[in-house]
Every structure is written in structure tokens, then in C-alpha cells.
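The values are calculated or read from the model by the stated rules, or taken from the named source; none is laboratory data. These figures come from a predicted structure and were not determined experimentally. Here the Cβ positions follow ideal geometry from the backbone for every residue, glycine too, while neighbour counts run over all protein chains shown. Just so you know, the surface numbers come from the protein's heavy atoms only, side chains and all, with ligands and any DNA or RNA stripped out. Shrake-Rupley method; radii C 1.70, N 1.55, O 1.52, S 1.80 Å.
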Amino acid sequence: MTLSGSEARYRVIPLADGDGGVPEDAVVRDCLRQDPPRLPPWLGYDAVGSEYFEQITELPTYYLTRVERALLESHSAEMAEELACGRIAELGSGSAKKTRLLLENCLRLGPTTYLPIDVDQAMLRSSGAALCSELDELRVTGLWGRYEAALEWLRTHSAGPLAVLFLGSSFGNTTREERSVLLDGVARSLGPGGSFLVSADLDKDREVLETCYNDPAGYSAFADFRLNYLTQLNRRYGAEFDLDDFVPDARYNADTSTVEGRLVARTDLTVPVPGLGITLDIPRGRFLNVGYSVKFDEQQLAREAGEHGFRLRTRWLDPEFRYGIFLFRREEA
Ligand SMILES: C[S@@+](CC[C@H](N)C(=O)[O-])C[C@H]1O[C@@H](n2cnc3c(N)ncnc32)[C@H](O)[C@@H]1O
């Protein structure tokens, strides 16, 4: 079979579960044993979950994607100059629609290979195929798996200068400990002098954030997205969650500057999860955590990155200081 021009520039490499990190089932079990029980972010992104996420990005009240796109539309050329390298990896690339703006500018500066990283294989394939058909000359090597395995792959398949992107404010969908592990992995994969471009939503009023992270009247994208985590537990691990037993919502925790996605139990529940060998007792009114969205201040972000040898080189903020894209450079050892 002869591959067409754009297909020949595109391939996907599956990464083994557990490579560079803890095996999948162990992560889910550990998260469910926390108080409150938690669902790891990647669990919700099958093809259906990714489609719900795309719907979230179009909600009239969800400002994050629009603001990030505007920043990329205005500043992609400068960002590409700063990245100045032929290999660009992206953690949690999703549809990569916004990344396209940056890749166009990278291609103007020279040959470019894009390495999108995602757990959703279908999304990885369709976004890679779309980019290759739209951008002549772009080469795409998709890495299908979780962040830790992909960062380990990048570290062990070094082929010249590399930049790592982390867009969509996904860096904030993590605990402090997880961010530390991620920053360590990015630092190792980049090597000295490498660039890390990461976006972050900035802290703001409770009302704005709770409006942003709950469905406006007439929409159900957030509710569908959150409930899909239970569908995943039922499908993968034989759990018997009844989706009607939960009310999805989001609350802002001002103590931790974090929006918490929740599934609140309508009644006392006991739910076995046979595939993980555990049973969950969830009293009425208690909730499962289906996602953190940490809201940063600039100093906190720079401090956290600094602990892993990154120095803030420059950043782009929207005129209302709601959101930022930050360029870090890994210092020479
Ligand atoms: C919030 S979406 C952002 C998508 C895209 N970057 C954007 O800005 O629209 C997060 C993406 O990261 C992927 N993802 C989440 N956790 C992941 C993990 N641990 N490893 C690999 N991919 C992950 C999801 O499948 C999803 O496509």
C-alpha cells in the first residue's frame, strides 16, 4: 500500500502502561481510596469524554479556551522564535486546534516534528491527520499513553533540541505532588537549555470561577463530562454506578485556590468496584472528586518551576489578567 503525502508524515507510537510510572489500575485504586475519593483526570478522556471536553470549550461561560486562543493568535510568532527548535512535544494535546497556530510559525522557521501526547488514541490520530493535511511539511509522531511514560520516551529517544508544550491550563489539573513529578519529568526530557511553554489560569473571584465551571442554563457539557468518569469505572472495572445517583457540580475552594469538579451523592451508596478489588461507601451529600483546576498566581508558578531548574524567560497575559502562557527555560547544569 502506498501512503499519501500527509499519511507518510504521520505515525503513532503506543506506550506501555506503567512505563516511567505507576500502572494504570494502581493509580485509579489509589485515587479512589483518597478522602474524598478522586478520579484521575486521564480516566475521563475516551472518545466520548474528549467530545464532551470539546463541548465545554464552546460554552459561552467557559472563557479559558477563547482567551488562550487569542493569546496564541497574537503571539505565536514570538513564541515560535523563543522555542526555536525542530521538535515540539505537547502534553495532553487533545484536538491540538490551538497548537496549530504555533506550529505554523515553527514551520516558517524550519523543519518541524510535532510530538503530541495523549491517552485518547482516537483524538491523537484524528488531530495528527488533520494537522498533516493542513500543514505541508509538518511531521507528526503521536505518543499514545500517559504523561510519565511519554516523558520517559522523550528522554530516552533524544534527537536534538526539544521543546515541551502544556496548553489548555491542564497543568492545573494536578495536585502539588503530581506537578512536582511532572516538572521533574519535563526537566529530564528537555535537558539544559530546553524550553517549556505552559499555560495557566490565574486566580480570581469565586463567582467568576463557579460560573465558568458549571453548565449555564440549557447546556449539559460539564455534567456529561463529569458523569462519564463513572461510565469509565463501570466499563473498565465492572463497577455498578447509577449515574442518576449523583449531582455533578463545581465549587471553588479559596483555601487552595482550586476549583473542584464534584459528583455529589443523592443518597447513601455502597458501590463495589470488582476490577480493582475495592468497595466504595459514599454517604449522602459526600462527593467524588472529578477534577482539580488550580488557579495560579505568577509567583507561585515561577517558584514551583524554579524548584526543578526552570527559569521564567517571558510570559504573555491577556489584557484582563485572567490567563497566562509562560515560557520557562531549563537552566544549564
Ligand atoms: C483539558 S484537555 C486539553 C486539550 C488541549 N490541550 C486543549 O487545550 O484544548 C486535556 C487533554 O489531556 C489528555 N490527558 C489528560 N491527562 C493525561 C495524562 N495523564 N496523560 C496523557 N494525556 C492526558 C486528555 O486526554 C485531554 O485530551
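Ranked from largest to smallest solvent-accessible area, with a 1.4 Å probe on the protein heavy atoms, D205, D118, D224 come out as D205, D224, D118. Rounded to whole numbers, the Karplus 3J(HN,Hα) couplings from phi for the stretch 113-120 are 10, 9, 10, x, 10, 7, 7, 8 Hz, using 6.51 cos²θ - 1.76 cosθ + 1.60 with θ = phi - 60°, and x at Gly and Pro.
Ellipticity at 222 nm from helices only: DSSP H runs of n ≥ 4 in the chain, each -39500 (n - 2.57), divided by the residue count, give -12000 deg cm²/dmol. Of G21, G94, G194, the residue with the greatest mean-square motion in the GNM of the chain, using alpha carbon springs below 10 Å, is G21. Carbon and sulfur atoms: what percent of the 1.4 Å accessible area of the stretch 1-148 do they account for? Ligands and nucleic acids excluded, carbon and sulfur reach 50 percent.
Of all accessible surface on the stretch 179-333 at a 1.4 Å probe, what whole percent is carbon and sulfur? If you can, show how the numbers build up before the last one.
On the way: 3100 of 7000 Å².
It is 44 percent, rounded to a whole number.
Computed on the chain, with alpha-carbon pairs under 8 angstrom and 6+ residues apart, the relative contact order is 20 percent. Ligands, DNA and RNA excluded, the heavy atoms of R266 present near 130 Å² of accessible surface to a 1.4 Å solvent probe. When E73, E24 are compared by accessible surface with a 1.4 Å probe, the order from highest to lowest is E73, E24. Between the alpha-carbon centers of the stretch 1-63 and the stretch 202-243, tell me the distance in whole angstrom. First find each Cα centre; the distance between them is then 16 Å. Whole-Hz Karplus values for the stretch 165-171 come out as 9, 9, 9, x, 6, 5, 4 Hz, taken residue by residue from phi with 6.51 cos²θ - 1.76 cosθ + 1.60 and θ = phi - 60°; glycine and proline positions read x. Expressed as a whole percent, the proportion of Cα-Cα pairs in the stretch 242-292 lying more than 16 Å apart is 48%. Here the 3J(HN,Hα) profile of the stretch 239-250, calculated from phi with Karplus coefficients 6.51, -1.76 and 1.60 at θ = phi - 60°, is 5, 10, 6, 9, 4, 6, 7, 10, 10, x, 7, 9 Hz, Gly and Pro shown as x. The separation of the stretch 248-276 from the stretch 136-186, counted between C-alpha centres, amounts to 28 Å. For trypsin sites (Lys or Arg not before Pro), the sites in the stretch 29-98 that DSSP calls loop and that have at most 16 other Cβ atoms within 10 Å are R33, K97.
For the chain, the solvent-accessible area of protein heavy atoms averages 45 Å² per residue (probe radius 1.4 Å; ligands and nucleic acids excluded).
Taking amide H positions as modeled 1.01 Å from N, with prolines and chain starts lacking one, the residues under 5 Å from R38 and 5 or more places away or on another chain are L32, R33, N289. Ordered from largest to smallest accessible area (heavy atoms of protein chains, 1.4 Å probe), the residues L103, L243 come out as L243, L103.
Rolled with a 1.4 Å probe across the full set of protein chains, the surface gives D242 an accessible area near 70 Å². For H308, the accessible surface of its heavy atoms amounts to roughly 30 Å² (probe 1.4 Å, protein chains only, rounded to the nearest 10). For E90, the residues 5 or more places off, or on other chains, whose built amide H falls under 5 Å of its own are L115, I117, L165.
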